[in-house]
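Here is the structure we will look at.
The values are calculated or read from the model by the stated rules, or taken from the named source; none is laboratory data. Being a predicted model, the structure only gives us computed values, none of them experimental. Methodologically, a virtual Cβ is constructed for each residue, glycine included, from the backbone with ideal geometry; neighbour enumeration extends over all protein chains shown.
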Amino acid sequence: MTLIGAFRQWCVQHRLKRYAIPDDLWANAIHALPFLRHWPPQRLQKLRDMAVLFLCEKNIVGAHGFQVHPFHRVVIAAQACVPILALGLRQYDDFKTVVLYPDEFISGVEWEDEFGVVHQDDEAMMGEAMAGGPIVLSWPDALDPTRGGAGEDVLPANVVIHEFVHKLDMRNGEANGFPVLPPSITPKRWHQALTSAYENFSARVAAGEETDIDCYAAESPPEFFAVISETFFVAPEVLESDYPEIAALLAAFYQYRP
């Protein structure tokens with residue numbers, strides 16, 4: 001190991017010790033996130049360590065008077081680190097801030113259509129990932145993204161994972177469902193598999209079929225990638241049942257098989 005490498009490792013260990021998440025706070029956060037409760041202890045410890053490092057590097061701030069407390073910060077950090085647990089924190093180098101709203105929010109983003117007409121988004125949102133900027137989240141939805149549903153009809157969802165996956169997608173430009181791939185996945189394989197699955201899913205939604213995957217995935221290729229990623233982590237059996245090839249591809253991408 002080089003001198004620089006040894007120093008970096010020392011810095012990491014120093015941060016993990018100095019800024020460690022208290023046991024009771026971590027236990028409360030995991031209890032609030034049901035999909036993590038059955039993770040093996042070794043993997044949960046790795047997630048805990050990465051959450052510490054995430055919180056050392058990122059600012060989590062409140063908007064519209066929302067007061068951010070340690071519980072909010074740990075819940076967000078734990079979920080944010082799920083997709084990059086094997087990929088590393090450098091995947092999130094392009095931003096520093098996560099903004100929490102007390103409820104759904106309106107982004108007010110302006111955009112121009114193909115006819116030159118300028119529009120302004122006025123739809124209430126649970127989350128938004130801004131290219132080169134912060135991630136914005138509704139805290140109630142970050143804690144329970146299925147709060148609007150009931151019973152067995154609630155589809156698997158995780159708005160935090162969803163928005164942070166958009167950040168992975170943006171590492172090589174605009175979000176388009178084509179992130180930076182590891183050497184084990186060829187661009188051709190990714191493109192063919194994702195395009196085929198997206199077209200199939202979109203056709204199912206257009207035909208009025210009720211699916212176990214959120215129909216928002218049919219909105220666009222980047223939304224499909226984000227939705228199937230959150231499904232992969234929150235309800236892997238659903239993705240495995242509907243699209244086993246995609247489940248295997250995401251396992252290779254995230255270097256993890258639930």
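Summed over segment 165-223, residues that are in a helix (DSSP H, G or I) and in contact with a Pro (Cβ under 8 Å, 6 or more places away or on another chain) total 9. Scanning segment 58-78 turns up one or more residues that are within 19 Å of residue 236 (Cα to Cα), hydrophobic (A, V, I, L, M, F, W, C) and within 21 Å of the chain's Cα centre (by Cα). Residue 100 fulfils the conditions (1) touching a Leu at 6+ places or on another chain (Cβ under 6 Å); (2) part of a helix (DSSP H, G or I) except for a single criterion, (2).
Within segment 60-76, residues that are without any contact (Cβ under 8 Å) to a residue 24 or more places away in the chain reach partners that are not in a helix (DSSP H, G or I) with beta carbons closer than 7 Å, at six or more positions or on different chains, in the pairs 73/60. For the condition surrounded by 18 or more Cβ atoms within 10 Å (Cβ to Cβ) and modelled with pLDDT of 95 or more, residue 181 does not qualify.
Would you tally the residues in segment 30-56 being assigned to a helix (DSSP H, G or I) and either basic (Lys, Arg) or surrounded by 12 or more Cβ atoms within 10 Å (Cβ to Cβ) (or both)?
Adding up the residues that qualify gives 18.
Under the condition of being within 21 Å of the chain's Cα centre (by Cα), surrounded by 15 or more Cβ atoms within 10 Å (Cβ to Cβ), of a type outside the set (Phe, Trp, Tyr) and under 16 Å from residue 242 (Cα atoms), the residues counted in segment 194-224 number 7. Without any contact (Cβ under 8 Å) to a residue 40 or more places away in the chain, out of contact with any His (no Cβ under 9 Å at 6 or more places or on another chain), in a loop (DSSP other than H, G, I, E, B) and of a type outside the set (Lys, Arg): does that describe residue 27? So residue 27 does not fit the description; no. Looking at residue 82, is it β-branched (Val, Ile, Thr) and over 18 Å from the mean Cα position of the chain (by Cα)? For residue 82, the condition - β-branched (Val, Ile, Thr) and over 18 Å from the mean Cα position of the chain (by Cα) - is not met. Filtering 122, 94, 113 for residues that are at pLDDT below 95, surrounded by fewer than 17 Cβ atoms within 10 Å (Cβ to Cβ), in contact with a Lys or Arg (Cβ under 9 Å, 6 or more places away or on another chain) and over 20 Å from residue 230 (Cβ atoms) leaves a single hit, 94. Does residue 248 satisfy the condition of being closer than 29 Å to residue 42 by Cβ, of a type in the set (A, V, I, L, M) and at pLDDT 95 or above? Taking the combined requirement at face value, the residue satisfies it.
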